[in-house]
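Please read the structure below before turning to the comments.
The values are calculated or read from the model by the stated rules, or taken from the named source; none is laboratory data. Everything numeric here is computed off the predicted structure, so don't read it as measured data. A quick note on method: Cβ atoms are made from the backbone with ideal geometry, for glycine too, and the neighbour counts reach across all protein chains shown. The area values use the complete protein model at the heavy-atom level, side chains included, leaving out ligands, DNA and RNA. Shrake-Rupley method; radii C 1.70, N 1.55, O 1.52, S 1.80 Å.
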Amino acid sequence: MLEGSGEVPSALRVLRAEQVTWSDSSLGCPAADMFYIQVLTPGIWLVVDYQEKEFDYRITGERWTLCRSGSTTKPLSQQPLDGLWTRLAPVPTPRAEVAAAELNGKIYVFGGFGAGARANEEYDIAADLWRKRAPIPRGVDHAAAVALDGKVYLIGGFNGRFQPVDTVWSYNPESDAWTPLADLPTPRGGLGAAVIAGKIYAVGGVGPGGDVGTTEVYDPSTDSWESRAEMPSPRDHLALSVVDGRIYVIGGRLGSYARNLAANEVYDPATDNWDVNEPLPTSRSGIASGAVGGKIYVFGGESTAGTFDENERYDTATGGWAPAPGLPTARHGHAAVALGQRIYVLAGGPTPGGSQSSQNEVYIVLPREGP
């Protein structure tokens, strides 16, 4: 997203971005009639290339200053930067405990607390525009959503009174119509879902009797569910991402955000087997995750102390964790959708419990030189 006067640059490329430390005086470089990049990550030295010229941006909090290349002093310290945050058009209906999925360049955000229980809002990524679509037949929150073969599937959730439901729906954006499907065998909310090899996997959540480690797989060709090996650590309000055909289930809690977990367990559908990985550095729940380039980013969450702005990165190749630039708006009950080098983090509550927001903050993973 660019701000400034004149024509918006049509071809702007990030040359490098580093996390740095500098004195306030070094921010005093001239801000001529140039374009500004909206970067929500503070403490960034950003160099961009436009029309064969380099422009140097320094960002601190909500303030950013542009200098021509070479006009600023060398940073006192610097390190490679994993990515940058920016903010795009807000979700029309403020809400939390949402589900979301991407299909054909559009993101669909479903359900949530309060006025958002039946909401179905479509975000056009290229146009940065939202529109309302056919509402969900029955209100739901804490559901899971995935996209497969031209449709978006909405799975499980709560009925607005923290009672788990077994309903499964498919939504067809072309006809703007909903179709009921075979019920989820284990009713549950606060679950995760993923698609691998044309099938949908539903994992964990809160069932009628409490937290479950249940793993069930849906075959759209037969409209039927089957049980698979249970997750070692039953939990809800977890994050789920797929890398190289395996499902990584991270964080979550046991019934309450006073009992947050750091579990990091991976399921291999080919062997129907679970493995235990290095735990999440910050135990949290009400989180969301997205995978880019073999790395999983885990955003936000809640606890008795408040909401989290943490963004922690798990490298599936090395099995290690590292911190990444934090969420500009700390929140929980949000959704994360990864597409290309971007992860869209949508809606969510800024305070623990039933709070809501319209945030659409996007994490841009930057390319790195070398290994």
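Could you list, in sequence order, the residues of the range 91-121 that are within 20 Å of Thr351 (Cβ to Cβ) and either in contact with a Pro (Cβ under 7 Å, 6 or more places away or on another chain) or of a type in the set (D, E, K, R) (or both)?
Arg95, Glu97
Name the residue, out of Pro328, Pro350, Pro323, that is open to solvent by 10 Å² or more (accessible area, probe 1.4 Å), touching a Ser or Thr at 6+ places or on another chain (Cβ under 7 Å) and within 23 Å of Val39 (Cβ to Cβ).
Answer to the check: Pro350.
For the subset of the range 177-222 comprising residues that are more than 14 Å from Ala143 (Cα to Cα), small (Gly, Ala, Ser) and surrounded by 13 or more Cβ atoms within 10 Å (Cβ to Cβ), which member is farthest from the chain's Cα centre (by Cα)?
Ala182
Do we find that Pro137 is farther than 25 Å from Ala270 by Cα and not hydrophobic (A, V, I, L, M, F, W, C) in this structure?
yes
Among the residues of the range 247-301, write down those that are among the acidic types (Asp, Glu) and part of a loop (DSSP other than H, G, I, E, B).
Selection gives Asp272, Glu278.
Could you tell me how many of the residues in the range 159-176 are open to solvent by 40 Å² or more (accessible area, probe 1.4 Å) and assigned to a loop (DSSP other than H, G, I, E, B)? So that I can check it myself, show each step before the final result.
The first filter runs over the range 159-176 and keeps only residues open to solvent by 40 Å² or more (accessible area, probe 1.4 Å), leaving 159-163, 166, 172, 174-176.
After this cut, where a residue has to be assigned to a loop (DSSP other than H, G, I, E, B) as well, the list is 159-163, 166, 174-176.
Summing the residues that are open to solvent by 40 Å² or more (accessible area, probe 1.4 Å) and assigned to a loop (DSSP other than H, G, I, E, B) in the range 159-176 gives 9.
Within the group Gly112, Gly139, which residue is in a loop (DSSP other than H, G, I, E, B) and within 18 Å of the chain's Cα centre (by Cα)?
It is Gly112.
Restricting the range 149-170 to residues that are of a type in the set (A, V, I, L, M, F, W, C) and under 20 Å from the mean Cα position of the chain (by Cα), which is farthest from Ala100 (Cα to Cα)?
Residue satisfying both the conditions and the ranking: Ile155.
Step by step: first the residues of the range 253-308, then only those that are among the basic types (Lys, Arg) and within 14 Å of Leu240 (Cα to Cα), then the one that is most open to solvent (accessible area, probe 1.4 Å). Which residue is that?
Checking each candidate, the answer is Lys295.
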